[in-house]
1. Give a quick list of trypsin sites (Lys or Arg not before Pro) in region 506-564 that DSSP marks as loop, anything other than H, G, I, E or B, with at most 15 other Cβ atoms within 10 Å.
2. Note down the Stokes-Einstein diffusion coefficient of region 11-65 in µm²/s, whole number, using a Kirkwood radius over alpha carbon pairs, 10 °C, and 1.306 mPa s.
3. Just to verify a number: what accessible area does residue 446 come out at with the full protein assembly present, 1.4 Å probe, Å² rounded to tens?
4. Taking the chain as the reference, fit the longest principal axis to its C-alpha atoms, fit the long axis of helix 281-293 to the helix C-alpha atoms, and give the angle between the two in degrees, 0 to 90, nearest 10.
5. Karplus couplings for region 64-75 from phi (6.51 cos²θ - 1.76 cosθ + 1.60, θ = phi - 60°), rounded to Hz, Gly and Pro as x?
6. What Kirkwood radius, in Å to one decimal, follows from the Cα pairs of region 190-349?
7. Could you tell me how far the Cα centroid of region 228-245 sits from the Cα centroid of region 165-223, in Å?
8. On the accessible surface of region 305-454, probed at 1.4 Å, how many percent belong to carbon and sulfur atoms?
Amino acid sequence: MSSATPPLQATSQVLGACPHDCPDTCSLVTTVEDGIAKRVQGNPDHPHTGGVLCAKVSKYTERSYHPERVLTPLRRVGPKGSGQFEPVGWDEALADIAARLHALAARDPETILPYSYAGTMGLVQGESMDRRFFHQLGASLLDRTICSSAGGEALNLTYGGKLGMRVEHFTESRLILIWGSNSIGSSLHFWRYALEAKRNGARLVCIDPRKTETADKCHEHLQLLPGTDAALALALMHELITHGWLDHDYIARHTLGWEELKARALQWPPERAAQVCGLPVEQIRQLARDYGTTTPAAIRLNYGVQRARGGGNAVRAIACLPALVGAWRHRAGGLLLSASGALPAQRARLQMPHLLGERRPRTINMSTIGDALLHEGGNGFGPRVDAIVVYNSNPVAVAPESAKVVAGFARENLFTVVLEQFMTDTADLADYVLPATTQIEHWDIHGSYGHTDVLLNRPAIAPLGQARSNGQIFRDLAAHMARHDDAFAAAHFQTGDEQLCREAFEGRGVDFNELLDKGFATLALPEAPFAEGGFPTPSGRCEFTSAELARRGMDPLPDYLPNYETAETDARYPLAMISPPARNFLNSSFVNVKSLRTMEGRPLVELHPDDAATRGVAEGDRVRVFNDRGSYECHATLNGRARRGVVNGLGIWWRKHGDNGTNVNELTHQRLTDLGRAPSFYDCAVQVQRLA
Ligand SMILES: Nc1nc2c(c(=O)[nH]1)N[C@H]1C(S)=C(S)[C@@H](COP(=O)(O)OP(=O)(O)OC[C@H]3O[C@@H](n4cnc5c(=O)[nH]c(N)nc54)[C@H](O)[C@@H]3O)O[C@H]1N2
Ligand SMILES: Nc1nc2c(c(=O)[nH]1)N[C@H]1C(S)=C(S)[C@@H](COP(=O)(O)OP(=O)(O)OC[C@H]3O[C@@H](n4cnc5c(=O)[nH]c(N)nc54)[C@H](O)[C@@H]3O)O[C@H]1N2
Ligand code: SF4
Ligand SMILES: [Mo]
């Protein structure tokens, strides 16, 4: 079905993997005719993909062959941000970049910062040669917190790892709580399993401040206020306890801190939570009854819950529920937030942290990149950041408090290199833009955070124009660095992308030949991970109380922490804004694909009709959404998806497509979550005003 290198025969089908930051990690089949990719489809032989792709990646060829692809290296000629660039040869660009990075490193390598996230989730194009390069350099380290680290740390503290149910077993669940996830939009293949469960008679419950497409299709929707999930979870515990809907045997054998958690939960009668969450008390009681009396019950938790101040505590509180009712005993019971902890990847081999030697560079949090780039240095921060190398990310659009991010990237004394496929908001502010390949042009290998298969991605076509893979770019950059520093001449800076794919799971129970043959391989993992306890925590139990949190001087039990920004904290901004992803974009990717942008229409904010009426706003009106940090102009829609007091600013448009050159992140702030040092994107108070 596939060919090892770009195909020689006239028509072929090449197996790949979807690179995007999505839990589904689909297996792709690219049809190639005469060296041109004609279409990208879902692999019918891969069970999780089931031959179906989302609308976005069905348009992948439109994205790869987009007329606005960056296909040559570009060097800035005008002032920063003027958008004036000239094409430049690879050698000239890389020689200059290497010379400038070398000069900075000779003074202090911590002045250099890599900035990358999950533009591709591939282990090779995402986190291999790049890391080797920056480790050798001794550059500042990046704390990659922008998405999942609050929930991730909460799982680590409670279960001992990012571990959970196998997604395919949701089909056998009798009750599914879809908690903080618009699965139809963001995890279509999980939704297919949930639908199968529904057909088998399962009850589906959605817990989300927004009336999403997913909420529309569930039996019940709890439309709580943003950032109040911990209160809801504690009230559910209260009901489980007072009604005796508990698995005492499981609690006694496999949990830590039951008496303490019980005392905490008993402070949360449903009436109290109803007040905090803005929910009818009967709805909370009913959910507790369903959860306490239905077996097996499963929770599909997702990242919507953890993007507020108390997001880590909320995930911890929710993660306690399956242990209380013994849901883990069944393979179709328990919880799934992320299964990425089970991935046996050879990360150290790919990334070579030992190249740091004795050096221990400072770490900069990607979620506060605005402040970091504006920092003059000193005061415990270390040196000013003088160079940033961005790849697989578009921070100017996606990082919080954009005004500061833009000001940081606009610094004339910041040397910025962006590896990109397109002229994003971030690329616009670069000194050099280096053309990167798309997924159908390079090798890669992928784990998944929503299922437990490993996928191989083969190149289907030759790189377009002069594009090079990230792996290739860092190999080439290392070759230029070697003129200044022998260490970069080492053989590990020459490992090719295909070889890196082979090394990624070598000796870890994943058969590369099976990957070459089928495109995917399933990890050998237990059917029900915690049926017999065995949590990889220090105590070996599900830790309701955490000695680690106590050691940090924090509350060892999960609790409800109110949002940073509420109507009470500042009466001028009475509306809570959340900014979940738009269905036809993937974060800020695909915003430039015309067919998808047409489906999304234009930048929107969803308002409740009552909140609109008091502001004189009608359907389709232009509005200004604002707070002290900035102003975002877009159009209002009263489509029934917003609850009273909450506005939904769907993300993440490119700033340059915005009515006033901004997007939702003009309004978000850089304060971090309780756990995991993550951004609190959905903890953001605003006001809305009609524009003439
Ligand atoms: N189409 C599409 N798919 C995507 C993405 C995309 O941009 N577009 N992004 C990908 C990425 S990077 C990620 S991390 C995943 C995210 O995957 P999910 O976390 O499943 O993301 P969403 O589906 O947006 O679900 C977040 C939901 O949480 C809700 N929410 C907001 N605040 C709260 C709250 O306080 N409590 C509760 N209970 N719910 C809340 C939002 O209204 C939204 O419906 O999706 C991935 N998939
Ligand atoms: N307000 C608000 N902000 C948010 C969120 C939200 O819900 N609300 N969600 C947050 C979340 S969950 C996340 S994960 C972040 C995501 O933020 P990012 O990780 O920055 O994701 P994208 O916006 O998709 O940008 C990825 C970029 O990588 C590029 N790219 C893709 N593949 C390659 C490659 O192989 N090589 C190179 N060099 N480039 C490549 C793409 O062209 C794209 O421009 O945004 C966060 N920001
Ligand atoms: S974005 Fe998600 S649903 Fe769409 S093809 Fe990729 S993995 Fe599948
Ligand atoms: Mo994310």
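1. Details: sites: 508, 518, 541, 551, 552; in loops: 508, 541, 552.
Loop-located and lightly packed - 508, 552.
2. The estimated diffusion coefficient comes to 142 µm²/s.
3. Here the accessible area works out near 0 Å².
4. Approximately 80 degrees, to the nearest 10.
5. 5, 9, 4, x, 9, 4, 7, 10, 9, x, 10, 10
6. So the Kirkwood estimate lands at 16.4 Å.
7. Cα centroid of region 165-223 versus Cα centroid of region 228-245: 21 Å apart.
8. Values: 1880 of 3710 Å².
On region 305-454, the fraction of accessible area on carbon and sulfur atoms equals 51 percent.
The values are calculated or read from the model by the stated rules, or taken from the named source; none is laboratory data. Being a predicted model, the structure only gives us computed values, none of them experimental. Using ideal geometry, Cβ is built from the backbone for each residue, glycine included, and neighbour counts are taken over all protein chains shown. Accessible surface areas use protein heavy atoms only, side chains included; no ligands, DNA or RNA. Shrake-Rupley method; radii C 1.70, N 1.55, O 1.52, S 1.80 Å.
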